[in-house]
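Since the structure comes first, as structure tokens, the remarks are kept for the end.
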């Protein structure tokens, strides 16, 4: 048994939210256990934070990466409290609760009671113009259809088609849920993305009944958030900066990539492209699946990592003078089904949804481009991409005003696609790593959830697992 005076050398590959959270909780857990650790973060980017990137410009708060997180997933709220940042959290504008879905180039308000694309209030659902009467009746058949006997994984899209029909899946669920993964629901794992759907069918014999139950339970909870989404008043980089400060004793190798991992007599050697070699007793791997595979494959088979495809996306943020904009919003934005044939997959009315993001006399919009079946749009040169997006908002909203400025952000290979069987695949991989590469733990968006709270939760789990070994 190692003495508590022994200093564990832990290298964290990846300085995004998964790596930073792992480092933070490793530090905390080591203190709790009375262990001494020496932590080093390695990342090829020159700054910490990964995809989190807040730009402050001319009074605007602009997110070039993720812009918020689900309030009901408490891992990020708990971390904010531990960092003393809970006072910086802010909710969406209560006057902008409506979300719209485009159908035949018209915007339809999402019917009240729609939860993750599933109707929990039958009356408003029956009145929506988003679906044909046949589509509505097919969805309500879910209340009577028998549940599936097998508990094997299936595609998210296949499950939704089976329970509520193709129209609901394609016109409502896909544009809403694909915004999280930018993927084809017919190729994404149900267990890995929305396991609560399968739980609803299993426990209640109906997806609709299960979601109705879950909604009531969530509303009755004393911890129920007043807003679906939260962010920080100064942008999500507030969290990165808070973690950076809390990790002042942690070593940094930024702007430097890990190129090779080798076994050592008492651990591992990690070669960097700077020529430096780090020694580690344990490694936390938070790199994307393809990058993790490049480093691990010389030591262990990991076809499960190669099986995770990545999708590239982009966002185009535009600022306008309110006096010339010619339009006011009563909601937070809209999503676009692929059948509409537009470049944009969604548009957030940012200055309406988040009041802290824009001066009162300005308007801020953020449009999303790219999904698993459209990887060409994001390759357009900036001027062509901006022109395509402006054409889409002209067609959808009649906006012809000239932007004050435009910011284009491309997030290449940023969205992992969880294939059917993903949960079992990751379990198999971790078992193999435990046997063949003890002290190496893989975690992050490629493994068990792409949202910021999921990545933070995984970082906390990584700390607990590694320091128990």
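Take residue 267 and tell me if it is in contact with a helix residue (DSSP H, G or I) (Cβ under 8 Å, 6 or more places away or on another chain), farther than 30 Å from residue 160 by Cα and in contact (Cβ under 8 Å) with a residue 60 or more places away in the chain.
no
Taking the conditions exactly as written (surrounded by fewer than 21 Cβ atoms within 10 Å (Cβ to Cβ) and closer than 27 Å to residue 352 by Cβ), does residue 51 satisfy them or not?
Spelling it out, residue 51 is indeed surrounded by fewer than 21 Cβ atoms within 10 Å (Cβ to Cβ) and closer than 27 Å to residue 352 by Cβ.
Consider residue 360 carefully, then state whether it is part of a loop (DSSP other than H, G, I, E, B), more than 21 Å from the chain's Cα centre (by Cα), at pLDDT 95 or above and not assigned by TED's automatic domain parsing to the domain that holds residue 438.
Spelling it out, residue 360 is indeed part of a loop (DSSP other than H, G, I, E, B), more than 21 Å from the chain's Cα centre (by Cα), at pLDDT 95 or above and not assigned by TED's automatic domain parsing to the domain that holds residue 438.
Cβ-Cβ below 7 Å, separation at least six or inter-chain, first residue in the stretch 38-63 and without any contact (Cβ under 8 Å) to a residue 24 or more places away in the chain and not assigned by TED's automatic domain parsing to the domain that holds residue 359, second surrounded by fewer than 19 Cβ atoms within 10 Å (Cβ to Cβ) and part of a strand (DSSP E or B): which pairs?
none
Restrict the check to the stretch 161-174 and report whether at least one residue is closer than 21 Å to residue 186 by Cα, under 26 Å from the mean Cα position of the chain (by Cα) and not assigned by TED's automatic domain parsing to the domain that holds residue 208.
no
Checking the conditions here, which among 15, 19 is crowded, with 23+ Cβ neighbours inside 10 Å, assigned by TED's automatic domain parsing to the domain that holds residue 294, assigned to a helix (DSSP H, G or I) and in contact (Cβ under 8 Å) with a residue 60 or more places away in the chain?
The conditions single out 19.
Take the residues in the stretch 388-410 that are exposed (fewer than 13 other Cβ atoms within 10 Å of the Cβ) and either free of Cβ contacts under 8 Å to residues at least 40 places away in the same chain or assigned to a strand (DSSP E or B) (or both), then tell me which one is nearest to the chain's Cα centre (by Cα).
In this case the residue turns out to be 405.
In a helix (DSSP H, G or I) and surrounded by 22 or more Cβ atoms within 10 Å (Cβ to Cβ): is that true of residue 292 in this structure?
yes
Do you know which of the residues in the stretch 181-192 that are in contact with a strand residue (DSSP E or B) (Cβ under 9 Å, 6 or more places away or on another chain) and in a helix (DSSP H, G or I) is surrounded by the most Cβ atoms within 10 Å (Cβ to Cβ)?
Out of the qualifying residues, it is 190.
Looking at the stretch 308-321, can you tell me whether even one residue there is outside any strand (DSSP E or B), within 24 Å of the chain's Cα centre (by Cα) and modelled with pLDDT of 95 or more?
yes
On the given criteria, is residue 161 in contact with a helix residue (DSSP H, G or I) (Cβ under 9 Å, 6 or more places away or on another chain), free of Cβ contacts under 8 Å to residues at least 60 places away in the same chain, over 27 Å from residue 425 (Cβ atoms) and part of a helix (DSSP H, G or I)?
The answer is no for residue 161.
Can you spot a residue in the stretch 265-287 that is surrounded by 14 or more Cβ atoms within 10 Å (Cβ to Cβ), assigned by TED's automatic domain parsing to the domain that holds residue 405 and closer than 27 Å to residue 89 by Cβ?
So far as the stretch 265-287 goes, no, none of its residues is surrounded by 14 or more Cβ atoms within 10 Å (Cβ to Cβ), assigned by TED's automatic domain parsing to the domain that holds residue 405 and closer than 27 Å to residue 89 by Cβ.
The values are calculated or read from the model by the stated rules, or taken from the named source; none is laboratory data. Just so it is clear, the model here is predicted, and its values are computed rather than measured. Note that each Cβ is placed from the backbone with ideal geometry, even for glycine, and that neighbours are counted across all protein chains shown.
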